[in-house]
Amino acid sequence: MFTPIIHHRLSFINSDGFTLIELLVVISIIAMLMAILLPTLGRVRKQVKAVACQANLRQWGQIFKMHTDDHEGWWFRPGLDTVHPWFLETFSLWYDSPSIAVCPMTTKWLRTGSWDAFTVCRPDMYFGTTPAGTRVYGPFSYGFNEVGLFWRHAADPTKEWESCWCQTCDVRGASNVPVFFDCAYSTGCGEDHHGPPPNPWIPEYTWYPMCIDRHNGGINMLFLDWSVRKVGLKELWTLQWHRGFDTANAWTRRGGVEPEDWPQWMRGFKNY
């Protein structure tokens, strides 16, 4: 006698599609993987931007080194030259490559009276004049150690402040002397008696416009030996900003700073 074969299409084994439970399991696994991977991808993107920022500073270091090599180690000749002509000439060399003037982490423009210190970028920095005579402006997110490198005496412009680093060739401890760095202003120079900003939103120009959390608790910096590295925000008070800067000031471990002395937004950063 013939016995028909019955296919149980509703059974789990012979099903032609996914059940609701299976779909939920797959969606849950995908969600878990995304939750794990997204923070990692975010960190990788920030690391890539930090590397690109350091590459920018290294290019500037090559430019500055070529300038000082051509002038026997001097940024300018005391009593003869002024800062601005070579400054503008140097920056005008890169009018066709404005990207090296901006840290990839910067996305917001400077606002008069208040700015976002994490991602600030000046929209109107003057780079100089092109060979054709065109004045070039563009975004900018780095700052010079102006006071430490080439600050002129207010009473006599042919003289420099005694604390100023002018000649690059014979500077002792050049690897600890800041030149060019992530900054919320086009210039900045630390003073040992000035403390840190009370909050990450800097309301106006201060002595530490470079104290911004742009790269995970630090900034990138070019030093006078032309090396580039990340500098922790609390480390800023240990650098030799100028000849008279006390690197054992009250904001260093040597000077006795306590964790609670730092503003709340800086207390979790590495101590120096």
Q | Residue in segment 226-272 that is surrounded by the fewest Cβ atoms within 10 Å (Cβ to Cβ), counting only those that are among the polar types (S, T, N, Q) and closer than 11 Å to E191 by Cα | A | T247
Q) With (1) at pLDDT below 90; (2) in contact with a Ser or Thr (Cβ under 6 Å, 6 or more places away or on another chain); (3) hydrophobic (A, V, I, L, M, F, W, C) as the list, and W237 as the residue in question, which single condition is left unmet? A) (1)
Q. Restricting attention to segment 237-272, and to residues there that are charged (D, E, K, R), assigned to a loop (DSSP other than H, G, I, E, B) and out of contact with any Cys (no Cβ under 9 Å at 6 or more places or on another chain), which single residue is nearest to D192 (Cα to Cα)?
A. D246
Q.
Here are the criteria: (1) more than 16 Å from the chain's Cα centre (by Cα); (2) part of a strand (DSSP E or B). Tell me which single one I219 does not satisfy.
A. (1)
Q. Which residue pairs have Cβ atoms under 7 Å apart, sit 6 or more places apart or on different chains, and have a first residue in segment 62-74 that is farther than 14 Å from L149 by Cβ and a second that is outside any loop (DSSP other than H, G, I, E, B) and β-branched (V, I, T)?
A. I63/T90
Q | Members of segment 168-204 that are modelled with pLDDT of 90 or more and aromatic (F, W, Y) | A | F180, F181
Q. Counting only residues that are over 14 Å from the mean Cα position of the chain (by Cα) and either acidic (D, E) or surrounded by 13 or more Cβ atoms within 10 Å (Cβ to Cβ) (or both), how many does segment 25-60 have?
A. 1
Q: Inspect all residues belonging to segment 221-230 and state whether any of them is farther than 26 Å from Q62 by Cα and either modelled with pLDDT of 90 or more or touching a helix residue (DSSP H, G or I) at 6+ places or on another chain (Cβ under 6 Å) (or both).
A: no
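The values are calculated or read from the model by the stated rules, or taken from the named source; none is laboratory data. All values reported here derive from a predicted model rather than from experimental measurement. Using ideal geometry, Cβ is built from the backbone for each residue, glycine included, and neighbour counts are taken over all protein chains shown.
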